[in-house]
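First comes the structure, then the notes that go with it.
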Amino acid sequence: MLGPVPATFYAFQKGCFSLWLTKLISPEMENFILYEEIGRGSNTVVYKGRRKGTINFVAILCTDKCKRPEITNWVRLTHEIKHKNIVTFHEWYETSNHLWLVVELCTGGSLEMVIAQDENLPEDVVREFGVDLITGLHHLHQLGILFCDLSPGKILLEGPGTLKFSNFCLAKVEGENLEEFFALVAAEEGGGDSGENVPKKTQKSRAKGSLTYTAPEILRGADFSITSDLWSLGCLLYEMFSGKPPFFSETFSELVDKIFYEDPLPPIPKDPSLPKASSDFINLLDGLLQKDPQKRYVWWCLNSAPYDLRFYKLFTSHRNKASFLFLFQNTSEHLSQQDLESQMRELIYMDSDLVVTPIIDNPKIMKQPPIKFDPKLLHLPAHSVDKLVFLKDQDWNDFLQQVCSQIDSTEKSMGASRAKLNLLCYLCVVAGHRDVATRLLNSPLVRSSVAKTPFVARVIGLLASHTTELQENTPVTEAITILTELIRENFRNSKLKQCLLPTLGELIYLVATQEEKKKNPRECWAVPLASYTVLMRCLREGEERVVNHMAAKIIENVCTTFSAQAQGFITGEIGPVLWYLFKHSTVDSLRITAISALCRITRHSPTAFQNVIEKVGLNSVINSLASAICKVQQYMLTLFTAMLSCGIHLQRLIQEKDFVSTIIRLLDSPSTSIRAKAFLVLLYILIHNHEMLLLSCQARLVMYIERDSRKTTPGKEQQSSNEYLSKCLDLLIHHIVQELPRILGDILNALANVSGRKHPSTIQAKQLKMCLPLMPIVLHLVTSQVFRPQVVTEEFLFSYGTLLSHIKSVDSGETNIDGAIGLMASEEFIKITLSAFEAIIQYPILLKDYCSTVVDYILPPLVSLVQSQNVEWRLFSLRLLSETTSLLVNQEVGDGKKEANVNFDSNLLALIRDVLLPQYEHILTEPDPVPAYALKLLVAMTEHNPTFTSYDGNCDLLQEHQENILGNTMQSVIALLNNLVACKDSNMKLLYEQGLVRHVCDLFTETATLCLDVDNKNNNETAAALLFSLLDILHGMLTYTSSVVRLALQSGSGGDTQAAEDLLLLSKPLTDLISLLIPLLPNEDPEIFEVSSKCLSILVQLYGGENPDSLSPENAANFADLLTSKEDPKEQKLLLKILRRMVSPHGNRDQGGWLRQLMEESNDFLPPDFSKRIPGYLSRRSPLDNVCRVLSTGTIPLGMKLTRLSAHGKEEAHPEQRL
């Protein structure tokens, strides 16, 4: 189904075309000056011209009047189109001998001429030209126009190289007959080619185009369509690249055979030096040149993104499937508007809308006493129902004869009357069986008894109510006529009407159902017009309620069928009369019957409900819908749906906000059927007015859709109701999903039109005011679990990236939209746009297959927005950038996407490093939480890509954010430091020089102090986690320093020695942490003990016991406790090694005295068998002497060894003095 068609496209309909044509033709040709001839065709010459008083040059076509139909067709299709890829129509004139057409001047000639001159075009040029062809053709299809004769000669080039569609002589609107239009124009103008004088064959031939580019289904006689135009597009792309069309022959029959049965050869450029066609281009041509139009590609919402980038991706992407989905989607996956509306029409009426209940003996109309008979008074056998069914023909005839004789009896005694009444009661009882009722109604009984008494009429009514088949010789029409006459003659007798109307109604309904089954009317069952008149009179005001109800019930039942009898009730007054009954009745059952009858009448004639609206007003009807009971609401929603499906009051209803709000409020109804029908009504509204989607979203439509989309357990309502709801919901969801790209396209077009403009025009401002407020729809849909997986596609993300680029332009001041829509509206638009992407990244699975698209099109404008002068946008963009980057780098990559992942990694790394990192010195000095998001991004990048750790950051910047050690910012700082230290590629010396050691010392001191503070139990878990990370960082730094020192000792090189000494000097502040590491050793967490002991061991290996506070009494007590509590010999050995290395063999300290004092102070903490628990280290001496001996054996620190090595035999100095 094509897009909306302007009303003027249909102006050629009989009676209005001539008037329209007269208004459009301008009276004067003298407004233009003609220059040289620039082209010539069949009966046409093209001149270069200029409008007098201006420098606007135009093309002026002078054509013979014999081409009036073609020129008229061109004018009526293009006079309202303004598009960059379509030649603009200006004016047209008529002189005595010619028609003059003034259009846009294109100075580059035709595409046909370019192909002839160059023989073939490179693929990149084909791509650029293809962008213009796709843009223009898609726009035409959106307007509802089929070009029908797409060929290189009808594509013109503007000076800069833009292609434009021209010559719309053979174009048309979908569904119209171009031959009839040509004949109509010729006939109305009375020219030489009038419709009467020109044979139909001639009109048909003039409506045909070039065979070379014609799709096979057109040659077989099918009508032109979107897919046939796209076949022609494929032919043009093929010819541009190869220099010749895909199908070509000198003879007509051979050309047709090739189009029908041969596949085109792969396109090969005539110039062998040019590269061959890419696989993507070949696949595209294959999709466009499918013989079967059902398998051919069709459009899929191209207007939601810039075409040049999209077409570029189509030809360059290595992901063929994804690239084709960018531009095309197979018809099996795309539901056209025509198919959508066809499915909607099938859902207007559900089974519960067409339920039929009896007219006769209906307790909701009038309660009847139970019928009984006395078998003793019957003058015939009182057969049961079962026996009557199986009576043989002879017995049945005897039985009928007895019945008819008693009914026809003229005896007037009391006993005879009582016996006759008893017989009728017996017949009423057995008439409830279908087979018995069918045999009795088709018997002579009806013919002999129809006019006897009102009670006999009741018997006939019961028989008609239960009969399943009606024979043609049954005198039903006679019975209907007699009953009609009885009612009409006794119309003032209400009791008689109450007796006869049910029977009349059952007979008419029986005839209607039988005709519907047989699908052709029977003359013998014709219902007299008087019957309809009588029933209409029974509906009027002043009749008793029961009579009104019976008449309404008859109309309700009969109009359930598609029959001639139902058509008899269609009059101009039926709708308002039934509406009056509905509004003024005080009985719910009558109100329901009246509105149900109107609902079924509307099934045959939607104008019935239209008459109601025109008489009582739309607001009154809407109010009745809002306040009615559930059953009435269901019928009224059906009425509105039926009317909308026919286009009646369509424009009024789709603009009525109160109506839309009322429909949405009905979604709160407990009835599944009402909610389903409300969704269906909304779908009709949204199809014709997408602006109402915003109002619907604001009224929580998405929430209602999500609620009803969940699986429901069968309750009181039948499962069929849930199935009906599911079908309505599926269509609504499908339409909204298809609508979103159109909405995004409108927004992008509006922004593209003002891009780079400081002062948008009035028209541009109006377009912005219309389109930008629709952005909340996007936010509503991407936050919905129902819509989100369906709308977040690669095409959507591409469009979204384009949208962010426009926002970047607005934020930088290049584009000004504040003056057009206001500052507040502009800020709200930007906020909603950013919020929409924030909602998307909460679900990483959505972006799993589109990482490259996000990196290439979404992240760059976000990086630019980080520099925004608006603090809110700057923070918002940085947060999105940080979270998105973390999400992308943590995505798992399948085996088939490793190549794409390499490109994605390199692009992301280049973007962050080259564009964002230079801003970090400023970003990290901003108030929280800006640094937190910036650091989070760095953490994600350093974890994902080790090469990123070579970033030459300044650790002093990190020092700025040490105010709250337990804050999010500090956690990110520590995580970043951990990544930097853990990476083998990091320049550790540079990091040391930039303050890494001091920074780690400060962080470790504050964190360890928090962990060791027994009085502060708050945030213990957070502090412990940070401490463990800092221990890892410290261990990494010490391991690195130790490895450098050991390497220098092994090599003996002067350069290595100097570098190691410099590193020792830079790392010297870490010795201050010894007094904190020792108290951490008794920690309950074995991992903290393990890492702390390792760090302590390396520190004392490097520097010995230089820190005077290393073995304070408190620390000695800690060691004593540990040596007592640790039972693992390896741990005991490590602790003793640490103690031994802390005792340096140099300095001014009295080693023996100090050790003995230490041991005496710590003796209380040592167990008596301490020496026995350290085998291999102690001899058989006293425990105190053994410990002193072990500790006094001290080792030479690595720093001292390095000093001795560098001194080359000179006087040894203390490491600290030396360094």
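Quick note: the coordinates plus some simple rules give every number you see, no bench work behind them. Remember, it's a predicted structure, so these values are computed and weren't measured experimentally. Reconstructed Cβ throughout: ideal geometry from the backbone, glycine too, with neighbour counts over all protein chains shown.
Restricting to DSSP loop positions (anything but H, G, I, E, B) with no more than 12 other Cβ atoms inside 10 Å of their own Cβ, which GluC sites (Glu not before Pro) remain in the range 837-892?
Values: sites: GLU838, GLU872, GLU883, GLU892; in loops: GLU892.
Here the GluC sites (Glu not before Pro) that fit, given the DSSP loop and packing criteria, are GLU892.
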(message) Only counting other Cβ atoms within 10 Å, I'd like SER1125, SER812 sorted with the fewest neighbours first.
(response) SER1125, SER812
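Give a quick list of GluC sites (Glu not before Pro) in the range 530-571 that DSSP marks as loop, anything other than H, G, I, E or B, with at most 16 other Cβ atoms within 10 Å. It would help to have the intermediate numbers written out before the result.
Values: sites: GLU541, GLU543, GLU544, GLU556; in loops: GLU541, GLU543, GLU544.
Sparse-neighbourhood loop GluC sites (Glu not before Pro): GLU541, GLU544.
Give a quick list of trypsin sites (Lys or Arg not before Pro) in the range 530-571 that DSSP marks as loop, anything other than H, G, I, E or B, with at most 14 other Cβ atoms within 10 Å. Please report the intermediate quantities before stating the final value.
Details: sites: ARG537, ARG540, ARG545, LYS553; in loops: ARG540.
The qualifying sites are ARG540.
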(request) Would you grab the residues whose amide H sits under 5 Å from the one on HIS90? Only those 5+ places off in sequence or on another chain, please, with H modelled 1.01 Å from N. (result) VAL102, VAL103, GLU104
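Where the only charges are on Cβ atoms (+1 Lys, Arg; -1 Asp, Glu), what is the dipole of the range 735-840 about its Cα centre, to the nearest 20 debye?
Numbers: 8 positive and 10 negative charges, 49 e Å.
Using Cβ point charges on Lys, Arg, Asp and Glu, the range 735-840 gives about 240 debye.
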(request) Using θ = phi - 60° and the Karplus relation 6.51 cos²θ - 1.76 cosθ + 1.60, list the HN-Hα couplings for the range 369-376 in order, rounded to whole Hz, with x at every Gly or Pro. (result) x, x, 8, 10, 9, 9, x, 5
